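Here it is, the structure in full.
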Amino acid sequence: MGKTIFILCILSFGYFYSLSGQTGPQVFNSPTALKYPWAGGMNSMQFGEIDIDLDGKMDLFALDRDGVFNITQNDVRGNRTYCFLNDGGPNEIKYVFAPEYSSLFPELYNWAIFADYNMDGKTDIFTYSPGWAGIKVYENVSADVLKFDLVASPFLTSFQGGGYTNIFVTYADYPGIYDIDNDGDLDLLTFSTLGTFVDLHKNMSMELYGIPDSLSFERTETCWGYFGESEESNKIYLDTCRNFSAAKSLSNKERHTGSTFLLLDLNADNLADLLLGDIDYPSLFALYNGGSLEEAKMTSYDTLFPATSEKTTLFSMPVSSYIDVNNDGVNDLLVSTFDPSLSKSQNKNSVWLYLNNGDNNKPIFNLYSKNFLQEEMLDFGTGAHICVYDLDKDDLKDLIIGNYGYYLSSYYDEAHFLHSIFRSRIDFYKNTGKSGTPKYQLWKKDIGNFWVEDMLGLTPSIGDFNADNLPDILAGNSNGRVVLSLNKGNFDFEISDTNYLDIDVGEYSYPQLFDLDKDGLKDLIIGEKNGNINYYHNEGNAQSPDFVFITDSLGKINVTDYNLSYYGYSSPHFFRLADGTTKLIVGSEQGLLHYYEDIDDNLGGEFILSDKLGQVLDTSNVSFDRGIRTSACLSDLNNDGTMEMLSGNYAGGIEYFGAVAEVMPGREEKTTQNTISVYPNPAYNFLYINSSKNIKIEKVEIISSTGILLRSFVPLYENYFTPIRVELDFIAGIYFLRIYSDNETVTRKLMLQDKKQ
């Protein structure tokens, strides 16, 4: 083996923010079932209030903007929508999940703002216009049923520069819509194309027609509010409309595109103040308007908003909505993440609700929840991958669920680029119901003990690998290999091989164990990032499987849609109907669930793509486009002779197609603390250690795989041991890193390799 070089020193240019992950022990013994278990999870959310069922009460619409970059239209596609009917009384928060209404809404892209532009009492929709870097508008024309007409397309225009041209808004910006001059019609605020100053597009409807029913805009200001934002950070400059090029940092890094606006009156002076979120930053800035209705001027700002409660800290790029959530006649504040990146934003605890204890003219916000709606869902952070298996051998099918990862923390590197850290695990939901009425309960977190391996993208499959009649877990992950965890009994597992059979499909392995050729032995099928499917035939026996590679193009399948993306992220699931015929469903990057037939006696041929999945599930008028990076499994979960389908998605949730099933939060369980993380792992050059804000690392030890202390380090000064570079001369292999802090001692397995692989 070669050598791996590490250097130890404190890097003073590192900036870290941290949020704790698991903290134990925790108790999960609520007797109440989850309200919306199968809603599908939430990551980067936007909210709007609209009367969905036309009962006169404002309901809640939600858009999850997690999507994949569309290479043909230069934007992000794959957004998910949610409808929640308001069933609450005065001062009550009570919503009913109603997915059947989602089909009544137009297709929305990247962002949506709900506002009644023509003042007819019906909420209209402003949304991004894909391919145009602009806005399109849907008018609410509902009568007996919710209905929208497209009234501004392909983009909304404004009179600027001598003619009517597109109001420029990118997919990474969230504009402001508000009656800024208080004349009765809605105006528009956007950042300029250079992203430093704010353009005001004044609605001229009242001036031209005397009624607020038109979308006639004119750009009247190019430095609204007399403030600017730094080109490379979220720094605010007041009382200026000057260029900031001289203020650029030494890194000379261009400012990222991306900001969010929410306009509201924060101090009862009848002037539009501004809540501003910025890409790569976790805070909301409140900018206070000290000007007039005729001329806005931001005279002060608050970086600790809201001052009356816990400051908003949401990586990355918080976006806000002003909505009456608890039916008290006063608007509350909903805040989530808006960053278009798939690997930066918080998940699971990414919807913060601040209840307003003031009024609409002078709100007083107090934090009520950090996981509003999410806490009542099956939500596994980012990504959800389901395996159905009777793990405890009680003749009831259980759920074993992996994910891409839970958000742990974020940090800035020396160039002030934002990075976020995630870690994956697999959880066990035991079926505590009966044969005909499944009911699931969280029974054990981190089944298989994968958490300590510090992996991403764990996707479980189940089989017996050592002939002890106990089900073991074979899991794929983001590095394209498969990891074996052996069952020692009583749900106690131990990782036995992190590179099982040296299998490597590139990136993002999605394994399934399934007897594909009906010879009585389970074969190994693996999907991958490139969108194809790998087939390993089992040429061993029932006591000792031996998987031999056959092909990387099983069924001639590749689910990559090259018009939309470069990759497919194929997640295969073979299943058999009651008559013994083999079928296949494959999840994909774009979110479409692909269904294939003509598999039996055709393993060397081309499987046939079919549109008959609805017949298998005994459903109709159901879209099988479920977001992005979908996965699915089918099984007769309630033994009624009809298949049910569970579908996972990148929002971290699961959707249930078929008969309903209750889900309970869990049972009492101790979980390990997760205040310290180590990355990258495997490492070959740089090694970082990250801790939460209140944890100080006192010492780090490098220990051999046989338990011998090799080196010990202490900080050069009183500070977090984050980030660090280590200079050691070790043979590549497995080591242990023991970290001593003022709060706990943590041991992490560390793999050193010759070079980055």
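What is the extension gain from Leu54 to Ile608, computed as 0.36 nm multiplied by their sequence separation minus the C-alpha to C-alpha distance, in nm to one decimal?
195.1 nm
Farthest toward the dipole's positive end in region 526-627, which of Leu603, Leu584, Gly627, given Cβ charges of +1 (Lys, Arg) and -1 (Asp, Glu) about the Cα centre?
Looking along the dipole axis, the top candidate is Gly627.
Just to verify a number: what accessible area does Glu701 come out at with the full protein assembly present, 1.4 Å probe, Å² rounded to tens?
20 Å²
Would you please state which residues of region 401-442 a label at Asn639 would reach in this model, taking the label point 7 Å out along Cα→Cβ and a backbone N cut-off of under 18 Å?
430-441
I would also like to ask the following. Which whole number of Å³ per residue matches the convex hull of the alpha-carbon atoms in region 340-405?
Expressed per residue, the convex hull around the Cα atoms of region 340-405 is 125 Å³.
Can you compute the FRET efficiency between Asp390 and Leu238 using 1/(1 + (r/R0)^6), with r the Cβ-Cβ distance and R0 = 56 Å? Round to the nearest 0.05.
Details: r = 64 Å, r/R0 = 1.15.
E between Asp390 and Leu238, to the nearest 0.05, is 0.30.
Follow-up question, since we're still on this one. Can you classify region 345-490 as rounded, prolate or oblate using the Cα gyration tensor, where a ≥ b ≥ c are the square roots of its eigenvalues, rounded means a/c under 1.5, and otherwise it's prolate if a/b beats b/c and oblate if not?
oblate
Once you have the Cα-Cα distance between Ser292 and Asp497, take 0.36 nm times their residue separation minus that, and quote the gain in nm to one decimal.
Stretched out fully, the Ser292 to Asp497 stretch lengthens by 67.0 nm.
Where Lys and Arg each count +1 and Asp and Glu each count -1, what net charge lies around Ser509 among other residues with Cβ under 10 Å from its Cβ?
That works out to -1.
Then there's this: Output the Cα-based Rg and Dmax of region 73-196 in Å, rounding Rg to one decimal and Dmax to a whole number.
Final numbers for Rg and Dmax: 16.2, 52 Å.
Calculate the spin-label point distance for Asp149 paired with Asn357, positioning each point 7 Å from the Cα along the beta-carbon direction, and give it in nanometres.
Between Asn357 and Asp149, the label points sit 4.7 nm apart.
Given a 1.4 angstrom probe, I'd like the percentage of the accessible area of region 528-652 that is carbon and sulfur, rounded to a whole number.
The C+S portion of the solvent-accessible surface of region 528-652 is 44 percent.
Still on this structure, please answer the following. Distance check, please: which entries in Lys57/Lys370; Lys94/Lys202; Lys35/Lys434 exceed 28 angstrom between their Cα atoms?
Going by Cα-Cα distance, Lys94/Lys202 fall outside the 28 Å limit.
Would you mind computing, in nm to one decimal, how far apart the modelled labels at Lys439 and Asp87 are, each placed 7 Å from Cα along Cα→Cβ?
Each label point lies 7 Å from its Cα, and together they span 1.9 nm.
Right, something else. Can you tell which of Leu554, Leu521, Ser461 lies farthest toward the positive end of the dipole of region 449-568, using +1 and -1 charges on the Cβ of basic and acidic side chains (Lys, Arg; Asp, Glu)?
The one lying farthest along the dipole's positive direction is Leu554.
Tell me, what HN-Hα J-couplings in whole Hz come from the Karplus equation 6.51 cos²θ - 1.76 cosθ + 1.60 at θ = phi - 60° for each residue of region 145-150, using x for Gly and Pro?
The phi angles translate into 8, 4, 8, 10, 10, 6 Hz.
At 1.4 Å probe radius, can you tell me the per residue accessible area of region 111-196 in Å²?
37 Å²
A follow-up question, please. Does region 505-622 come out rounded, prolate or oblate by the C-alpha gyration tensor, with a ≥ b ≥ c the root eigenvalues, rounded set by a/c under 1.5 and, if not, prolate when a/b is larger than b/c and oblate if not? Write out the running numbers ahead of the final one.
On the way: a/c = 2.08, a/b = 1.21, b/c = 1.72.
It is oblate, given that a/c is not under 1.5 and a/b is not larger than b/c.
Treating only the Cβ atoms of Lys and Arg (+1) and Asp and Glu (-1) as charged, compute the dipole magnitude of region 311-361 about its Cα centre; round to the nearest 20 debye. List each step's numbers first, then the result.
Values: 3 positive and 5 negative charges, 75 e Å.
It comes to approximately 360 debye.
Also: Could you compute the net charge surrounding Tyr101? Neighbours are other residues with a C-beta less than 10 Å from the C-beta of Tyr101; K and R count +1, D and E count -1.
Charge balance in the 10 Å sphere: -3.
Could you give me the percent of Cα pairs per 5 Å distance bin for region 610-653, shortest bin first, beginning at zero and ending with the bin that holds the maximum distance?
Result, from short to long distances: 5, 19, 27, 25, 17, 6, 0 percent.
Here's another thing I want to ask about it. Take region 372-453, compute every pairwise Cα distance, and split them into 10 Å bins from 0; I just need the percent in each bin.
Reading the bins upward from 0: 16, 39, 27, 11, 5, 1.
Taking the Cβ of Tyr389 as the centre, find all other residues whose Cβ is under 9 Å away and add up their charges (Lys, Arg: +1; Asp, Glu: -1).
-1
Now for a different question. Assuming R0 = 51 Å, what is the FRET efficiency of Phe159 and Glu414, from their Cβ-Cβ distance, to the nearest 0.05?
So the FRET efficiency works out to roughly 0.65.
Using the Cα centre of region 52-187 as the reference point, and only Cβ charges (+1 on K/R, -1 on D/E), how large is the resulting charge dipole? Debye, rounded to the nearest 20.
540 debye
Quick one: what are the phi-derived ³J(HN,Hα) couplings along region 581-595, Karplus 6.51/-1.76/1.60 with θ = phi - 60°, whole Hz, x for glycine and proline?
My calculation for region 581-595 gives 6, 8, 10, 9, 10, 10, x, 8, 4, 6, x, 6, 8, 8, 10 Hz in order.
Using 0.36 nm per residue of separation minus the Cα-Cα distance, give me the extension gain between Asn563 and Asn166 in nm, one decimal.
Numbers: separation 397, 0.36 × 397 = 142.92 nm, distance 2.57 nm.
Full extension of this stretch gives 140.4 nm more.
Just to make sure I understand: if all protein chains stay in place, what is the order of Met206, Met664 by accessible area at 1.4 Å, largest first? Don't jump to the answer; show the numbers that get you there.
Details: Met206 60, Met664 20 Å².
Descending order: Met206, Met664.
A follow-up question, please. From the backbone phi of region 40-54, what are the Karplus-calculated ³J(HN,Hα) couplings (6.51 cos²θ - 1.76 cosθ + 1.60, θ = phi - 60°) in whole Hz, Gly and Pro given as x?
x, x, 9, 10, 9, 10, 10, 10, x, 9, 7, 7, 6, 9, 6
The values are calculated or read from the model by the stated rules, or taken from the named source; none is laboratory data. A quick note: this is a predicted structure, and the numbers were derived from the prediction, not measured. As a convention, Cβ positions derive from the backbone with ideal geometry for all residues, glycine included, and neighbour counts pool all protein chains shown. Protein only, heavy atoms only, side chains kept; ligands, DNA and RNA dropped before computing areas. Shrake-Rupley method; radii C 1.70, N 1.55, O 1.52, S 1.80 Å.
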